[in-house]
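Here is the structure we will look at, set down as structure tokens.
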Amino acid sequence: MGDIVLSIVAKLAEYTVGPILHHARYLCCFNNIAGNLPNAKEELELTRNSVKERVEEAIKRTEKIEPAVEKWLKDVEKVLEEVHMLQGRISEVSKSYFRRQFQYFLTKEIARKIEKMAQLNHNSKFEPFSKIAELPGMKYYSSKDFVLFKSRESTYENLLEALKDKSVSMIGLVGLGGSGKTTLAKEVGKKAEELKLFEKVVMATVSQTPNIRSIQVQIVDNLGLKFVEESEEGRAQRLSERLRTGTTLLILDDVWEKLEFEAIGIPYNENNKGCGVILTTRSREVCISMQCQTIIELNLLAGDEAWDLFKLNANITDDSPYASKGVAPKIVDECRGLPIAIVTVGSTLKGKTVKEWELAFSRLKDSEPLDIPKGLRSPYACLGLSYDNLTNELAKSLFLLCSIFPEDHEIDLEDLFRFGKGMGLPGTFGTMEKARREMQIAVSILIDSYLLLQASKKERVKMHDMVRDVALWIASKTGQAILASTGMDPRMLIEDETIKDKRAISLWDLKNGQLLDDDQLNCPSLEILLFHSPKVAFEVSNACFERLKMIKILAFLTSSYTWWPWGTDGILSLPQSMESLQNLHTLCLRGYKLGDISILESLQALEILDLRGSSFIELPNGIASLKKLKLLDLFHCSIQENNAYEVIGRCMQLNELYLYIPSYANEEFPHNISFSRLERYVLIYKMYPWHLPTDMLEEHRPTRALCIDGFNASVQSFISLPIKDFFQKAEYLHL
């Protein structure tokens with residue numbers, strides 16, 4: 001019985017004494033509890049500041065902050081504000097008439113805030129903290145050049161209505177090249193995104209020679225999807241699964257032939273309503289072959305609209321002498337409402353005299369393009385006029401030279417310079433530096449005339465596909481015919497009688513590297529020969545080049561032909577017939593295993609030798625005897641013998657040198673070199689590529705630079721040697 005009583009008493013104490021003591025604590029420990037408040041507040045503020053710093057760093061990386069982090073920060077700010085008010089009340093407690101009661105309730109509230117702040121501190125570890133933000137999608141594209149003319153409104157509305165129709169999943173937008181299909185498709189895509197007709201709107205450029213991998217990458221970049229598969233088929237399956245989730249509108253721009261959706265990974269069947277497609281093309285047949293349920297034609301501009309667009313770009317008014325004399329409206333009529341022609345011709349004639357305008361109209365009216373598709377005569381004449389109005393002869397030559405590159409190719413200005421210098425184009429004589437300045441001026445003229453477009457990087461340019469067609473047509477008409485092809489078998493050259501009159505042959509993405517067996521190329525007028533192949537071995541017959549007496553530029557490029565190649569891709573044996581190329585000015589052999597290159601000693605006219613990214617046995621001693629050699633590019637070359645830098649030291653005629661000795665190489669930097677004539681160079685000694693600063697990689701490719709890894713070499717010893725000339729000239733130093 002006594003045990004039961006004791007148990008009851010203990011239980012009563014547990015439920016009564018404990019709470020009484022707890023509440024008594026609020027009455028007796030006010031100062032202690034209130035004194036803990038500033039410390040708890042300071043600790044939480046430090047944690048908050050740390051989280052805010054992480055937020056700022058994530059935002060700079062264009063990452064999206066997790067909602068839990070944002071909620072935590074809001075909760076912290078709210079609590080800190082409440083604590084600040086609470087601290088004001090603490091200072092007033094001694095003045096209160098009911099001080100004991102006030103202290104009790106205030107202490108209780110302070111304890112709760114301290115506990116809340118401790119809990120927030122404890123919950124400040126977030127995983128994940130942020131994630132990579134999605135790309136802006138169609139919002140990325142600017143609308144500054146878009147004018148919704150009245151004749152285009154119906155096309156714009158028809159596209160939107162077709163997108164709203166759930167029974168339509170494939171729409172074709174067809175029209176003449178340069179009629180504004182791409183611009184209109186972008187605007188419709190932006191509107192569809194704004195109206196939330198689709199969860200995602202993605203645009204991808206297809207081009208004349210579709211590249212499945214490129215199309216896949218363009219699509220997934222805007223879907224926030226990452227490929228883990230290497231094969232195109234695996235990537236296609238991954239992309240297909242993603243596009244079956246939710247609703248996505250794909251805008252496939254510049255489609256020239258039927259696309260195999262299955263190979264790309266685009267799901268298309270009657271039961272799949274989640275993935276809509278707009279394709280832009282120049283051919284109605286493409287729309288039919290792609291089974292477009294709706295085909296919408298984009299017509300050319302009406303008379304008044306064409307006139308308004310022309311006035312805007314030519315910077316004239318209805319009262320200008322060009323308009324009053326009637327020559328300007330006649331020129332607009334000859335443009336046949338094609339926007340790209342109107343913009344280009346208008347810009348070309350801006351600021352010219354009335355007589356120049358009249359001459360322009362005469363040329364437009366009388367020009368007769370050759371061998372072009374029906375319906376493209378007037379547009380070709382318009383764009384041809386832009387070429388004819390160029391007064392800078394180097395700009396005209398570079399314009400034609402740009403057409404040897406594939407469609408949609410981003411042309412590197414350094415490639416353009418080396419090929420143009422090798423051709424001996426007007427303005428490229430004299431020193432290399434003077435030729436570079438002349439080329440920069442000429443490129444600026446072409447960009448200002450809309451004949452070249454600025455590419456994604458400032459050191460690259462692009463040609464609009466129709467402008468490139470015009471350049472090829474002009475070259476053919478002026479006796480400078482160019483064969484520029486993608487995916488062609490090089491053995492076809494021996495069977496093609498038309499190549500005899502070609503001035504340039506440019507073959508890209510070759511799948512077969514067998515060149516002519518034991519036959520000879522019969523191109524007596526050929527000046528440029530360029531082959532590009534993705535990782536194949538080239539087999540060139542010994543007699544191949546014997547009849548190419550006029551050739552000035554020879555280039556063999558692999559997929560590593562770009563400016564920072566890491567290793568060789570293909571094998572190329574130099575044929576004996578190369579010694580007959582006595583007019584060769586530029587030789588580019590990038591990314592190949594070359595073996596013996598001693599035959600290069602015989603190329604006495606050589607001015608530019610570009611072996612970037614290639615490997616070979618040794619640098620021939622005779623290279624130093626090539627008196628016209630001005631540019632030597634051995635960047636990231638693998639040379640078996642150690643004589644290369646001795647040979648370089650005797651090349652006193654050089655104006656430009658590009659040399660990268662990687663950290664794993666055994667070669668030592670030549671200590672007895674003094675190049676007083678060097679105008680431009682990049683010398684990187686024993687550094688890993690990832691040690692090079694970003695601005696060195698992007699901004700200082702072809703410039704004066706000297707990089708020496710201080711861990712592997714003594715800077716002081718270099719300064720005391722003749723190499724100090726480099727220090728005096730260098731625009732960029734990294735020691």
Check: How do the pairs read when you match residues in region 594-608 that are among the β-branched types (Val, Ile, Thr) with residues anywhere that are in a helix (DSSP H, G or I) and at pLDDT 90 or above, using Cβ under 8 Å and keeping only pairs 6 or more apart or on different chains?
Finding: 608/418
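Kindly check whether there is at least one residue in region 263-279 that is under 22 Å from residue 464 (Cα atoms) and either at pLDDT 85 or above or open to solvent by 60 Å² or more (accessible area, probe 1.4 Å) (or both).
Of region 263-279, the ones under 22 Å from residue 464 (Cα atoms) are 278-279.
Now restrict to residues that are either at pLDDT 85 or above or open to solvent by 60 Å² or more (accessible area, probe 1.4 Å) (or both): 278-279.
Scanning region 263-279, I find at least one residue that is under 22 Å from residue 464 (Cα atoms) and either at pLDDT 85 or above or open to solvent by 60 Å² or more (accessible area, probe 1.4 Å) (or both), so the answer is yes.
Does at least one position in region 407-415 carry a residue that is among the aliphatic types (A, V, I, L, M), in contact with a Phe, Trp or Tyr (Cβ under 8 Å, 6 or more places away or on another chain) and crowded, with 20+ Cβ neighbours inside 10 Å?
Going through region 407-415, the residues among the aliphatic types (A, V, I, L, M) turn out to be 411, 413.
Within this subset, residues satisfying the condition of being in contact with a Phe, Trp or Tyr (Cβ under 8 Å, 6 or more places away or on another chain) are 411.
Right, trim to crowded, with 20+ Cβ neighbours inside 10 Å and you get 411.
Yes, region 407-415 contains a residue that is among the aliphatic types (A, V, I, L, M), in contact with a Phe, Trp or Tyr (Cβ under 8 Å, 6 or more places away or on another chain) and crowded, with 20+ Cβ neighbours inside 10 Å.
Considering region 176-201 alone, what residues qualify as being on the phi > 0 side of the Ramachandran plot and buried (at least 18 other Cβ atoms within 10 Å of the Cβ)?
Initial filter on region 176-201 (on the phi > 0 side of the Ramachandran plot): 178, 180, 196.
178, 180 - these are the residues of region 176-201 that are on the phi > 0 side of the Ramachandran plot and buried (at least 18 other Cβ atoms within 10 Å of the Cβ).
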Check: Filter region 147-171 for residues that are among the polar types (S, T, N, Q), at pLDDT 85 or above and outside any loop (DSSP other than H, G, I, E, B); which is nearest to residue 244 (Cα to Cα)?
Finding: 158
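Would you confirm, using the coordinates I've provided, whether residue 414 is within 30 Å of residue 681 (Cα to Cα) and of a type outside the set (Ser, Thr, Tyr)?
yes
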Next item on the list: Kindly list, by first and then second residue, each pair from a residue in region 179-198 that is among the hydrophobic types (A, V, I, L, M, F, W, C) to a residue that is at pLDDT 85 or above and open to solvent by 60 Å² or more (accessible area, probe 1.4 Å), limited to pairs with Cβ atoms under 7 Å and residues at least 6 apart or on different chains.
Entry: 197/164
Next item on the list: Please state which one of 346, 351 is surrounded by 14 or more Cβ atoms within 10 Å (Cβ to Cβ) and either acidic (Asp, Glu) or at pLDDT 80 or above (or both).
Entry: 346
Margin query: Can you report the number of residues in region 202-256 which are in a helix (DSSP H, G or I), open to solvent by 80 Å² or more (accessible area, probe 1.4 Å) and touching a Gly at 6+ places or on another chain (Cβ under 8 Å)?
Written below: 2
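Would a scan of region 235-246 turn up a residue that is touching a residue at least 60 places away in the same chain (Cβ under 8 Å) and more than 19 Å from residue 289 (Cα to Cα)? So that I can check it myself, show each step before the final result.
Kept after step one, since they are touching a residue at least 60 places away in the same chain (Cβ under 8 Å), are these residues of region 235-246: none.
Within region 235-246, none of the residues are touching a residue at least 60 places away in the same chain (Cβ under 8 Å) and more than 19 Å from residue 289 (Cα to Cα).
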Margin query: Just to be sure I understand, how many residues within region 329-364 are within 34 Å of the chain's Cα centre (by Cα) and of a type in the set (Lys, Arg)?
Written below: 2
Checklist line | In region 338-354, the residues that are in a loop (DSSP other than H, G, I, E, B) and not polar (S, T, N, Q) | finding: 338, 350, 351, 352
Item checked: Single unsatisfied condition, residue 399 versus (1) closer than 25 Å to residue 507 by Cβ; (2) in contact (Cβ under 8 Å) with a residue 12 or more places away in the chain; (3) open to solvent by 10 Å² or more (accessible area, probe 1.4 Å); (4) out of contact with any Ser or Thr (no Cβ under 7 Å at 6 or more places or on another chain) -> (3)
Checklist line | So residue 259, is it under 30 Å from residue 380 (Cα atoms), modelled with pLDDT of 85 or more and in a loop (DSSP other than H, G, I, E, B) | finding: yes
Item checked: Filtered residue count, region 573-594, keeping only those that are outside any strand (DSSP E or B) and within 24 Å of residue 534 (Cα to Cα) -> 5
Note to self: Going through 491, 377, 418, 437 one at a time, which residue ends up being surrounded by fewer than 19 Cβ atoms within 10 Å (Cβ to Cβ) and at pLDDT 85 or above?
What the structure shows: 437
Margin query: Looking at residue 392 and the list (1) surrounded by fewer than 21 Cβ atoms within 10 Å (Cβ to Cβ); (2) modelled with pLDDT under 85, which single condition is not satisfied?
Written below: (2)
Margin query: I need the full set of residues from region 287-337 which are open to solvent by less than 20 Å² (accessible area, probe 1.4 Å), in contact with a strand residue (DSSP E or B) (Cβ under 9 Å, 6 or more places away or on another chain) and assigned to a helix (DSSP H, G or I), in order please.
Written below: 287
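For the condition over 19 Å from the mean Cα position of the chain (by Cα), at pLDDT below 90 and either farther than 20 Å from residue 282 by Cα or of a type in the set (A, V, I, L, M) (or both), what is the one hit in 217, 174?
On the way: 217 fails: over 19 Å from the mean Cα position of the chain (by Cα).
Result: 174 is the single residue among 217, 174 that is over 19 Å from the mean Cα position of the chain (by Cα), at pLDDT below 90 and either farther than 20 Å from residue 282 by Cα or of a type in the set (A, V, I, L, M) (or both).
Hey, any hits in region 530-547 for a residue that's of a type in the set (A, V, I, L, M, F, W, C), outside any strand (DSSP E or B) and modelled with pLDDT of 85 or more? So that I can check it myself, show each step before the final result.
Of region 530-547, the ones of a type in the set (A, V, I, L, M, F, W, C) are 530-531, 536-538, 540, 543-545.
Retained after the next criterion (residues that are outside any strand (DSSP E or B)): 536-537, 543-545.
Narrowing the set further to residues that are modelled with pLDDT of 85 or more leaves none.
Looking for residues that are of a type in the set (A, V, I, L, M, F, W, C), outside any strand (DSSP E or B) and modelled with pLDDT of 85 or more, one finds none in region 530-547, hence no.
I'd like the residue in region 438-475 that is among the polar types (S, T, N, Q) and part of a loop (DSSP other than H, G, I, E, B) and, out of all such residues, is nearest to residue 346 (Cα to Cα).
Among them, the one singled out is 449.
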Item checked: Members of region 108-139 that are among the charged types (D, E, K, R), part of a helix (DSSP H, G or I) and either at pLDDT 70 or above or surrounded by 14 or more Cβ atoms within 10 Å (Cβ to Cβ) (or both) -> 108, 109, 112, 113, 115, 116
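The values are calculated or read from the model by the stated rules, or taken from the named source; none is laboratory data. Nothing here was measured: the structure is a model prediction, and the numbers come from that model. Reconstructed Cβ throughout: ideal geometry from the backbone, glycine too, with neighbour counts over all protein chains shown. Surface areas here come from the heavy atoms of the whole protein model, side chains and all, with no ligands, DNA or RNA. Shrake-Rupley method; radii C 1.70, N 1.55, O 1.52, S 1.80 Å.
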